[in-house]
Amino acid sequence: TFNEVDMSSIMVLRKKSQVSFQKKYGVKLGIMSFFIKACVDVLKEIPEINSEIFEDKVIYKNYFDIGVAIGSEKGLVVPIIRNVEKLSNAEVEKSIIDLSNKANSNKLAMSDLSGGTFSISNGGIYGSMMSTPIINPPQSAILGMHSIIDRPIALNNKVVIKPMMYTALSYDHRLIDGKQAVTFLVRLKEILENPKLD
């Protein structure tokens, strides 16, 4: 299932906050923390997407351990940021840097890679316009992020150019139906187009 997000507000907020954010926390404010935190907000609303099938049971998770696909020198790995619901944007950004450094220095442990409840893959950093990411079992869904591209869109009966990103949700149809998947991406879009820092 696909949708698109107008990234204007996030880009403006990042530009406005970057210097003070970096000074205060010692890390850059990227776009990943906005996506990761927005996903958690929507996963709370649609718990099936944060659940898994185990044997003949559905296990609902009331915690949010988000796998983030990282391209390392040894290939793609998906380490987990634990309990994202308790983290600020700065803590999420720091976690991503820590996991990237571990991946690139070959120091990821099995515990860093197992037990996630949902994953996010950002093919946009490699120039991907659109893709259908592959689910990371036993998880039930994965979000794909893509390139931010200036595109003409219709806004209030006028054609304007906006920095747009396509989003994709791949999901296990045994647990998640189209209505939940579409709702997930629509709610994600709403949150990302009205971003806040915490």
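The values are calculated or read from the model by the stated rules, or taken from the named source; none is laboratory data. Bear in mind the structure is a predicted one, so any value in this text is a computation, not a measurement. Neighbour counts are summed over all protein chains in view; Cβ atoms, including those assigned to glycine, are modelled from backbone coordinates with ideal geometry. Remember, those area values only see protein heavy atoms, side chains included, never the ligands or the DNA or RNA. Shrake-Rupley method; radii C 1.70, N 1.55, O 1.52, S 1.80 Å.
Computed on the chain, with alpha-carbon pairs under 8 angstrom and 6+ residues apart, the relative contact order is 29 percent. Note on segment 13-124: Cα convex hull, mean projected area over all directions, 8.2 nm². For the chain, with all protein chains in place and a probe radius of 1.4 Å, 55% of the accessible heavy-atom surface sits on carbon or sulfur. Accessible surface for segment 25-164, divided over its residues, is 51 Å² per residue with a 1.4 Å probe. Projected onto planes of every orientation and averaged, the convex hull of the alpha-carbon atoms in segment 91-198 covers 9.0 nm². Rg/Rh, computed from the Cα trace of segment 135-198 with Rh as the Kirkwood radius, has the value 1.06. Taking a Cβ cut-off of under 11 Å around K189, the surrounding Lys, Arg, Asp and Glu residues balance to a net charge of -3, with basic ones at +1 and acidic ones at -1. Ordering 104-111, 164-171 by mean Cβ neighbour count within 10 Å, with the highest value first, yields 164-171, 104-111.
Would you work out the Kirkwood radius for the chain? I mean one over the mean of 1/r across all pairs of different Cα atoms, in Å. Over the chain, the inverse of the mean reciprocal pair distance is 17.4 Å.
Rounded to the nearest whole Hz, the Karplus-based 3J(HN,Hα) values (6.51 cos²θ - 1.76 cosθ + 1.60, θ = phi - 60°) of segment 185-193 follow the sequence 5, 5, 5, 4, 4, 4, 5, 5, 7, with x at glycine and proline.
For a 24 Å ceiling on Cα separation, which of these pairs sit above it: K28/K61; K44/K196; K16/K107; K23/K196; K44/K86; K23/K74? Pairs exceeding 24 Å: K28/K61; K16/K107; K23/K74. Take every DSSP beta bridge whose two residues both sit in segment 92-198; close to 75 percent of them are antiparallel.
Spin-label model, L113/V19: points 7 Å from Cα along the beta carbon direction are separated by 4.3 nm. Residues in segment 91-107 carry Karplus couplings, in order, of 5, 5, 4, 5, 4, 4, 4, 4, 5, 5, 4, 4, 4, 6, 9, 6, 10 Hz; the curve used is 6.51 cos²θ - 1.76 cosθ + 1.60 with θ = phi - 60°, and Gly or Pro positions show x.
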